[in-house]
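The values are calculated or read from the model by the stated rules, or taken from the named source; none is laboratory data. The structure presented is a predicted model; accordingly, all values stated were derived computationally and were not measured. A quick note on method: Cβ atoms are made from the backbone with ideal geometry, for glycine too, and the neighbour counts reach across all protein chains shown.
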Amino acid sequence: MPERPFTVTRRLIAGGLAAGFGGAALFGAVRLQRSRDARAATTVMTHSRDIADPVDLYPKPPFEKQTQEPPGLASRMRPVPDHGEKSYRGSGRLTGRKALVTGGDSGIGRAAAIAFAREGADVAINYLPVEEPDAREVIALIEEGGRKALAIPGDLRDPAFCKKLVDTAADGLGGLDLLVSNAGQQHSVVALEELTLEQFDSVFKTNVYAPFLLCKAALAHLKPGAAIIVTASVQAFNPSAHLVDYAQTKAANVAFVKALAKQLAPRGIRVNAVAPGPFWTPLQPSGGQPPDALPKFGSNTPFGRPGQPAEIAPLYVALAAAETSYSSGQVFGASGGSGVD
Ligand code: NAD
Ligand code: MG
């Protein structure tokens, strides 16, 4: 069995900035005024299909200083993230599909799970047992829409659990067409001397070993037309100084997706990666960013704000849906204007 969950040593920057997402604001007076306007926001606006300026769509830094023990809960974040609970409207794009989403309790995985269900899919979610309160909300949202929901808690650092998870999801859903390998750990550590082997191992087991083991187990169930989506990161291409271990895992995700896409193409299974920029999820206040950097989170993007999970879920839907039949081995970004380089 793996070591205790999330026992990591974290040396946090005192008064410093995260090199990646927490950089200084570089923008003009309009941007600064917009930031001041957003400062008072305690809950996020909901996304809609109406035309809107993406710069002003959601809260901007500065955010309230806040920390949680990892893995953290979405419900305790201020402002609470928008996962599309009130806004995502489906149009039958995934009718009858069976999906497994890891990290489906919160953040990007939760937004994908909600969107999949609203598009007509039955959805199993995996998460850590301590995240049960977030997971219960997602299960209720999926069931409200008349879809089947399965809650399968467990630690992905345990190889036996990875296989059991996939088989339980396939058994419970009556098959498997979509695998979203999205769960991840990120713990900011400023100095290499402070990065413990324990943390390195835990991050690699969650972010690299688990996608491999999940995909391997899923192949027993996936048929032509199935899709695998792995959540990578812009850190694969532009790593931050304080995320030495995490950035490597995300680069590994990209290489894994590109290689596996080639291997599985003859079997009619597509494999793609999504590479998010800064997103407002529990990952960040629970050690992903140094606490002093969190209030500025997302300020160094051209949009001047982090993304909300609801804004990236449509990419997962697109990659899961049959219409993107010629896309495999690709990396799709959402990073507030910065691009993926
Ligand atoms: P999140 O905290 O909401 O989701 C991460 C989830 O990973 C947790 O909810 C937890 O259920 C799961 N998890 C972690 N360790 C686990 C383990 N050992 N076993 C089982 N589950 C485990 O945060 P998020 O930002 O939505 O993260 C989702 C993915 O997005 C991660 O892979 C992350 O690396 C990636 N990502 C996030 C950002 C960002 O800025 N938030 C940017 C780029 C990539
Ligand atoms: Mg969570």
Subject >> One residue from 180, 190 being at pLDDT 95 or above, of a type outside the set (Asp, Glu), over 22 Å from residue 107 (Cα atoms) and not in a helix (DSSP H, G or I) >> reply: 190
**OP:** Within the range 300-320, count every residue that is touching a strand residue (DSSP E or B) at 6+ places or on another chain (Cβ under 9 Å), among the hydrophobic types (A, V, I, L, M, F, W, C) and crowded, with 18+ Cβ neighbours inside 10 Å.
**Re:** 4
Original post:
Mind checking whether some residue in the range 169-181 is without any contact (Cβ under 8 Å) to a residue 60 or more places away in the chain and either more than 11 Å from ligand 2 (Cβ to nearest atom) or more than 27 Å from residue 243 (Cβ to Cβ) (or both)?
Top reply: yes
Subject >> Selected residue [out of contact with any Gly (no Cβ under 6 Å at 6 or more places or on another chain), of a type outside the set (Asp, Glu) and within 10 Å of ligand 2 (Cβ to nearest atom)] from 96, 103, 107 >> reply: 107
Original post:
For the range 238-295, what are the residues that are crowded, with 21+ Cβ neighbours inside 10 Å, away from ligand 1 (no atom under 13 Å from the Cβ) and closer than 21 Å to residue 72 by Cβ?
Top reply: 242, 290
Original post:
So which residues in the range 158-168 are in a helix (DSSP H, G or I) and touching a residue at least 24 places away in the same chain (Cβ under 8 Å), if there are any at all?
Top reply: 159, 162, 163, 165, 166, 167, 168
Original post:
Among the residues of the range 267-279, which ones are more than 13 Å from ligand 2 (Cβ to nearest atom) and within 22 Å of residue 336 (Cα to Cα)?
Top reply: 272, 273, 274, 275, 276, 277, 278
